[in-house]
Amino acid sequence: MPARTLGLAAISVAALALLVWVLVHWRLPGNDAGYTPVQPIAFSHRLHSTDLQINCLYCHAGANTARYAGMPAANVCMNCHRFVAAPTQAVKDEQWRAAREGRDVRRIVSDAMRTLYRAQGLDDALRPDPKITPQPIAWVRVTQFPDFAYFDHRAHSRVGIECQRCHGEVQTFERTRQDQSLSMGSCVACHRESNRQGVNGMAVQASLDCVSCHR
Ligand code: HEC
Ligand code: HEC
Ligand code: HEC
Ligand code: HEC
Ligand code: HEC
């Protein structure tokens, strides 16, 4: 065999090996079950949804009415965190120390609340600080499809499919993670099943056309 052919053969074997490696290791975002990014503020759904019983829609208002569920703006947090500047236990500890030392109770501001206040250009006493530029909190997306896949919350909330069906038992999560694979297979399987059995006693038409989810 001439050397040139051998060289070409070696290159195609290498190219094939690379392709196989990419196919095995490539993970589409929707398949990233278990993904738990670090967030700019350690927000706990368990605390807010289970202990404090705040409804999902209070913070993700779009989930019933829009394509995107939406992220809460900082002023939604401020409805409470204007007053709650630190964990209850830290406040109690300070009250106890102040009583023991016979002094006034100091206002305790946790690191997390400091981040929340700074994001709105406020100092610890909630006064606007001209030196700080307000910036939205850069929450890291946990579940995000590539542009070629189209999802709409509305179509699902309309027939009463619960958040937990796709996002897992979020109200128990200390840190938000992608609970399950949201791959094409999982979408199509439920669309088939729903068309056969209905959803919550309603007959539905869940599309299996490529263009419904790739537009
Ligand atoms: C019910 C929604 C839905 C339908 C219907 C659907 N897809 Fe998909 N498709 C998806 C989602 C979601 C993804 C992956 C997103 C991710 O994993 O990040 C995907 C991924 C893909 C990919 C990327 C590779 C892969 O397999 O994950 C291709 C190619 C694709 N779809 C083609 C098609 C074609 C062709 C059809 C029609 C026969 C179709 N899709 C119908 C939702 C759908
Ligand atoms: C049928 C599955 C399904 C259900 C039910 C569902 N979601 Fe989602 N959710 C998704 C998918 C898929 C994405 C990613 C979509 C994208 O990137 O375009 C997502 C994204 C999100 C996001 C981040 C992006 C955004 O839309 O703002 C939030 C927040 C969210 N969902 C909250 C909720 C809440 C709250 C509920 C219940 C009221 C809910 N979801 C019900 C599948 C679902
Ligand atoms: C309905 C009231 C309410 C809303 C709205 C609310 N929180 Fe809270 N949050 C609380 C209470 C009360 C605590 C204190 C719980 C304890 O320590 O016992 C708390 C605790 C926290 C903590 C842990 C305590 C600390 O200082 O580190 C963080 C972080 C937090 N919240 C972030 C947020 C963020 C971010 C938002 C907006 C997306 C938000 N909260 C919205 C009531 C609320
Ligand atoms: C007090 C406000 C608040 C409440 C109530 C709340 N969330 Fe969230 N949620 C957030 C914040 C802030 C984030 C972004 C930080 C994070 O991922 O932990 C988030 C992130 C999410 C995400 C990840 C979105 C993505 O793809 O990045 C999902 C899914 C979600 N929430 C679902 C729910 C569900 C379901 C409920 C009800 C059981 C709920 N949330 C209740 C504030 C809230
Ligand atoms: C729990 C079952 C279930 C899951 C999981 C599910 N869907 Fe659906 N979806 C439905 C049903 C049921 C409808 C139709 C509702 C109706 O008839 O009004 C629907 C409707 C839709 C529509 C509106 C399409 C149209 O008919 O115009 C889109 C887009 C869609 N789904 C995308 C997705 C994608 C992408 C995923 C995967 C992340 C997904 N769905 C996962 C049950 C599901």
Next item on the list: About the Cα centre of the chain, how large is the charge dipole given +1 on each Lys and Arg Cβ and -1 on each Asp and Glu Cβ? Please answer in debye to the nearest 20.
Entry: 200 debye
Notebook entry, point to check: Gaussian network model of the chain, Cα springs within a sub-10 Å range: biggest mean-square fluctuation belongs to which of Thr65, Thr176, Thr133?
Noted result: Thr133
Next item on the list: Note down the relative contact order for the chain as a percent, whole number, built from C-alpha pairs under 8 angstrom at least six residues apart.
Entry: 30 percent
Notebook entry, point to check: For Val204, Val105, what's the fewest-to-most ordering of other Cβ within 10 Å of each Cβ?
Noted result: Val105, Val204
Item checked: Fewest-first ranking of Phe43, Phe148, using other Cβ atoms within 10 Å as the exposure measure -> Phe148, Phe43
Checklist line | Hull shadow area, averaged, the chain [alpha-carbon convex hull, nm²] | finding: 21.0 nm²
Note to self: Using amide H atoms built in the peptide plane, which far-off residues or other-chain residues are under 5 Å from Val199 H to H?
What the structure shows: Val204
Item checked: GNM result for the chain, Cα springs below 10 Å: residue of Ser157, Ser186, Ser12 fluctuating most strongly -> Ser12
Next item on the list: Mind sorting Arg100, Arg67 by how few other Cβ atoms lie within 10 Å of their own Cβ, fewest first?
Entry: Arg100, Arg67
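Every number here is computed from the coordinates shown, using simple stated rules; none is lab data. Note that this is a predicted model, so its numbers are computed, not measured. All Cβ positions, even for glycine, are placed from backbone atoms using ideal geometry, and neighbour counts span all protein chains on display.
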